[in-house]
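S.K.: Below you will find the structure I want to go over with you.
The values are calculated or read from the model by the stated rules, or taken from the named source; none is laboratory data. Keep in mind it's a predicted model, so treat the numbers as computed, not measured. Cβ: placed from backbone, ideal geometry, glycine included. Neighbour counts: every protein chain shown.
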Amino acid sequence: MDIQSILKSKMDEVSLSRLLALKNEDANAFVARAIELCEPEKVWVGTDDEADAARCRQMAIDNREELPLAVPGHTVHFDSYYDQGRNPEVTKYLVPKSETLDPKLKQIDRDQGFAEIEDLQRGAYKGRTMLVRFFCLGPVNSVFAIPCLQITDSAYVTHSEDMLYRKGYEEFKRQSARGPFEFFRFRHCTGKVTERMTCKDIERSRVYIDYMHNTVYSVNTQYAGNTVGLKKLSLRLAIRKADREGWLAEHMFIMGAHGPGGRKTYLCGAYPSACGKTATAMIPGETIAGDDLAYFRVIDGQFRAVNIEAGIFGIIQDVNAKGDPVIWDVLHHPGEVIFGNVLVKDNKPYWLGMGEEIPTRGMNYVSTDWTEGTKGPDGEETTPSHKNARYTVRMQDLKNKDPEWDNPNGLPIGGIIYGGRDSDTNVPVREAYSWEHGICTMGAMLESETTAATTGAQGVRKWNVMSNMDFLSMSVGKYLRNNLEFAAGLKRPKVFGTNYFLKKGGKYLNGMLDKAVWVKWMERRIHGDVEALDAGYGLIPKYDDLKRLFKEVRNKEYTEKDYVEQFTVRIPELLATLDRMAKIYDTVADTPKVMLDEMAAQRK
Ligand code: SPV
Ligand code: MN
């Protein structure tokens, strides 16, 4: 059958005319192929109309992918017990025979992988409605904008995208009218489900990335990090596109840090999952422009970044009234919120660290009738809410959103932060001597003790370049070189390293909100308001400045003892880090020379 006939066979007049109005043959072909392969009962095409978003949300409720909660607008979604985080084990790049990909990246021969994914997706939409939606990474009508086509049988996926991204149907049309353009495309199939609407065929879960064709296929998956095309699936494609076009795609938040006299300085921050990234972007008193994904471009000679998302898919554990008042508020008032993998009792969501008593019985990621002590299907201990339980909210609903967060030209960036998680090595905050020093010894040497945000063992120290390691779609060396060379000759942001997780005798040395002080210090440093001490591996704050800032920001006495405990330069541990990194970069085929030089200088 030709493409038009395939489309006509499953679409009503409205959907067909919506798709054809785009005048994009590439899009038509991608939709037709999904119909042929996945065999949906029918196909529905959405536009930017709010009614279409509402329809997807209602569909998610009608098919029980989401259950309504007591507060109007709130729903809960459960993922399979085995699909509670990104799954690097089954996420692979499809590599054509003509290319060699860095062996550090999970990969499979393109022909073999493509055949496998087609097999797994064949007939996967039988008896279901195939949803076709258009969204946009970055603001529409902007140099940053990348239109995206999402195909899925999960209304929850499209509902999440409606909350997390800008609509892209009109943008798609606009760009189609100008001639051929690149768009990202995603084909997701939930696969077989249990009566709880959670994935059954976990053994056959796959996420395959075809970067040669700007396409990602995902099957037998439902956790948003594995299914929502525009989130981490798109990041892998964007890193490639950025490489071709001379910009950067980063796993970073963007925040406005407020200084004296009404001054505001934008900071970006890369932190591995569950290392305080969203919490930093949400620091009370500052403004948030984005919490997860940023694209960098040089515009009019300025280093600028944009939040390519329009919402937050945040970790809910430890969100409480005291530490995160803004999110707490959104999570307790009528309005659209999706809770993921929390505990539900009497239609009310509960999670670990919420600062309230949590029921010992309820519905959660393990069972519809979970009780304390219930073991998981794998015999493991379970918790009332999963450690990677999440909330999905819109930027527009946040009281502390930066007024400029949606600026189509992005925001000028004054500082970049690389934040790891270690209990015994790095000081809470330090500043790089130069862009190169920061990229190499803070970004490229970023390590973190693993958390629940990805499947696998927790608490293991893991190397995570710029916190982007899971999403690198090219060699580590090339990615580093792109960062090193970006905005050369221009005024670049200052680079900082943070660590909120130093411990002594098993206890954290810093309070949850001490990060507010480090942010103020970085803001002051960017403008040269305060001096710093040379710690040999970067510049660290002077005691008097911190004492004053702790008083100002936290109304807290900061003693010399606190300072000495936190800012002691731990030379044996730092040398051990360099030893680990020397070993790692020895195995990177294309380590830039600058990286080796910076490591040697650091050791000295
Ligand atoms: C993260 O874990 O970094 C997230 C959530 O932002 S996920 O979509 O799983 O990547
Ligand atoms: Mn993330």
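S.K.: For segment 117-155, enumerate the residues that are within 18 Å of the chain's Cα centre (by Cα) and assigned to a helix (DSSP H, G or I).
M.R.: none
S.K.: Tell me whether segment 290-298 contains one or more residues that are over 28 Å from residue 486 (Cα atoms), modelled with pLDDT of 95 or more and either part of a strand (DSSP E or B) or more than 15 Å from ligand 1 (Cβ to nearest atom) (or both).
M.R.: no
S.K.: Here's something else I'd like to know. Working only within segment 223-242, note down all residues that are within 12 Å of ligand 2 (Cβ to nearest atom) and either closer than 16 Å to residue 467 by Cβ or without any contact (Cβ under 8 Å) to a residue 40 or more places away in the chain (or both).
M.R.: Matches in segment 223-242: 225, 231, 232, 235.
S.K.: Considering only residues that are part of a loop (DSSP other than H, G, I, E, B) and closer than 19 Å to residue 227 by Cβ, look in segment 310-335 and name the one that is farthest from ligand 1 (Cβ to nearest atom). Steps first, please.
M.R.: Residues of segment 310-335 that are part of a loop (DSSP other than H, G, I, E, B), as a first pass: 310, 316-324, 331-335.
So of that shortlist, the ones also closer than 19 Å to residue 227 by Cβ come out as 310, 316.
On the way: 310: 15, 316: 12 Å.
Top of the filtered list is 310.
S.K.: Do we have residue 287 as within 26 Å of residue 554 (Cα to Cα) and within 14 Å of ligand 2 (Cβ to nearest atom) here?
M.R.: Answer is no for this residue.
S.K.: Just checking, does segment 161-168 include any residue being within 16 Å of ligand 2 (Cβ to nearest atom), surrounded by 24 or more Cβ atoms within 10 Å (Cβ to Cβ), within 24 Å of residue 50 (Cα to Cα) and among the aromatic types (Phe, Trp, Tyr)?
M.R.: Taking every residue of segment 161-168 in turn, at least one turns out to be within 16 Å of ligand 2 (Cβ to nearest atom), surrounded by 24 or more Cβ atoms within 10 Å (Cβ to Cβ), within 24 Å of residue 50 (Cα to Cα) and among the aromatic types (Phe, Trp, Tyr).
S.K.: Among (1) surrounded by fewer than 22 Cβ atoms within 10 Å (Cβ to Cβ); (2) modelled with pLDDT of 95 or more, there is one condition residue 180 misses while meeting the rest; what is its number?
M.R.: Exception for residue 180: condition (2).
S.K.: Which residues, counting only those in segment 138-191, are within 22 Å of residue 293 (Cα to Cα) and among the charged types (D, E, K, R)?
M.R.: Scanning segment 138-191 gives 161, 162, 166, 167, 171, 182, 185, 187.
S.K.: Here are some residues: 127, 138. Which one is within 21 Å of residue 199 (Cβ to Cβ), small (Gly, Ala, Ser) and either buried (at least 24 other Cβ atoms within 10 Å of the Cβ) or modelled with pLDDT of 95 or more (or both)?
M.R.: 127
S.K.: Now a separate question. All but one of (1) closer than 29 Å to residue 459 by Cα; (2) away from ligand 1 (no atom under 16 Å from the Cβ); (3) among the aromatic types (Phe, Trp, Tyr) hold for residue 271; which doesn't?
M.R.: Against the list (1) closer than 29 Å to residue 459 by Cα; (2) away from ligand 1 (no atom under 16 Å from the Cβ); (3) among the aromatic types (Phe, Trp, Tyr), residue 271 comes up short only on (2).
S.K.: Taking the residues in segment 263-284 that are assigned to a loop (DSSP other than H, G, I, E, B) and away from ligand 2 (no atom under 15 Å from the Cβ) as candidates, determine which candidate is modelled with the highest pLDDT.
M.R.: If we take residues in segment 263-284 being assigned to a loop (DSSP other than H, G, I, E, B) and away from ligand 2 (no atom under 15 Å from the Cβ), then 263 is modelled with the highest pLDDT.
S.K.: If I filter segment 372-388 down to residues being more than 14 Å from residue 278 (Cα to Cα) and within 15 Å of ligand 1 (Cβ to nearest atom), which single residue comes out as modelled with the lowest pLDDT?
M.R.: That would be 387.
S.K.: Continuing with this model, one more query. Scan segment 424-433 and tell me whether some residue there is of a type in the set (Ser, Thr, Tyr) and within 21 Å of the chain's Cα centre (by Cα).
M.R.: Taking every residue of segment 424-433 in turn, none turns out to be of a type in the set (Ser, Thr, Tyr) and within 21 Å of the chain's Cα centre (by Cα).
S.K.: Going by the structure shown, is residue 395 within 16 Å of ligand 2 (Cβ to nearest atom), at positive phi and not β-branched (Val, Ile, Thr)? Please lay out each step first, then the result.
M.R.: Values: within 16 Å of ligand 2 (Cβ to nearest atom): yes; at positive phi: no; not β-branched (Val, Ile, Thr): yes.
So residue 395 fails the test.
S.K.: So the check is Cβ under 8 Å with 6+ separation or different chains; which pairs have a first residue in segment 462-488 that's within 19 Å of residue 448 (Cα to Cα) and a second one that's of a type in the set (Asp, Glu) and more than 14 Å from ligand 1 (Cβ to nearest atom)?
M.R.: If the second residue must be of a type in the set (Asp, Glu) and more than 14 Å from ligand 1 (Cβ to nearest atom), the pairs left are 462/447; 462/449; 463/447; 464/447; 472/102; 476/102; 476/590.
S.K.: With respect to residue 246, is the statement that it is more than 16 Å from residue 144 (Cα to Cα) and either charged (D, E, K, R) or out of contact with any Pro (no Cβ under 8 Å at 6 or more places or on another chain) (or both) true?
M.R.: no
S.K.: Output the residues belonging to segment 58-76 that are within 16 Å of residue 331 (Cα to Cα) and of a type in the set (Gly, Ala, Ser).
M.R.: 70, 73
S.K.: All but one of (1) over 21 Å from residue 281 (Cβ atoms); (2) under 32 Å from the mean Cα position of the chain (by Cα) hold for residue 534; which doesn't?
M.R.: (2)
S.K.: Would you mind listing the helices (runs of 4 or more DSSP H) fully within segment 507-599 where at least 2 residues are free of Cβ contacts under 8 Å to residues at least 12 places away in the same chain?
M.R.: Numbers: elements: 515-526, 543-549, 560-567, 571-586.
Where helices (runs of 4 or more DSSP H) fall fully within segment 507-599 and carry at least 2 residues being free of Cβ contacts under 8 Å to residues at least 12 places away in the same chain, they are 543-549, 560-567, 571-586.
S.K.: Find the residue count for segment 307-325, including only residues that are away from ligand 2 (no atom under 16 Å from the Cβ) and farther than 21 Å from residue 384 by Cβ.
M.R.: Residues meeting the conditions: 1.
S.K.: Could you list all residues from segment 274-289 that are at positive phi and within 14 Å of ligand 1 (Cβ to nearest atom)? Break it down into steps so the answer makes sense when it comes.
M.R.: At the first step, the residues of segment 274-289 found to be at positive phi are 274, 276, 285.
Those that are at positive phi and within 14 Å of ligand 1 (Cβ to nearest atom): 274, 276.
One line per residue, one yes/no per condition, for (1) crowded, with 19+ Cβ neighbours inside 10 Å; (2) of a type in the set (S, T, N, Q); (3) in contact with an Asp or Glu (Cβ under 6 Å, 6 or more places away or on another chain); (4) closer than 30 Å to residue 170 by Cβ:
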{"residue": "23", "(1), (2), (3), (4)": "no, no, no, yes"}
{"residue": "31", "(1), (2), (3), (4)": "yes, no, no, yes"}
{"residue": "36", "(1), (2), (3), (4)": "no, no, no, yes"}
{"residue": "44", "(1), (2), (3), (4)": "yes, no, no, yes"}
{"residue": "57", "(1), (2), (3), (4)": "yes, no, no, yes"}
{"residue": "80", "(1), (2), (3), (4)": "yes, yes, no, no"}
{"residue": "94", "(1), (2), (3), (4)": "yes, no, yes, no"}
{"residue": "99", "(1), (2), (3), (4)": "no, no, no, no"}
{"residue": "108", "(1), (2), (3), (4)": "no, no, no, no"}
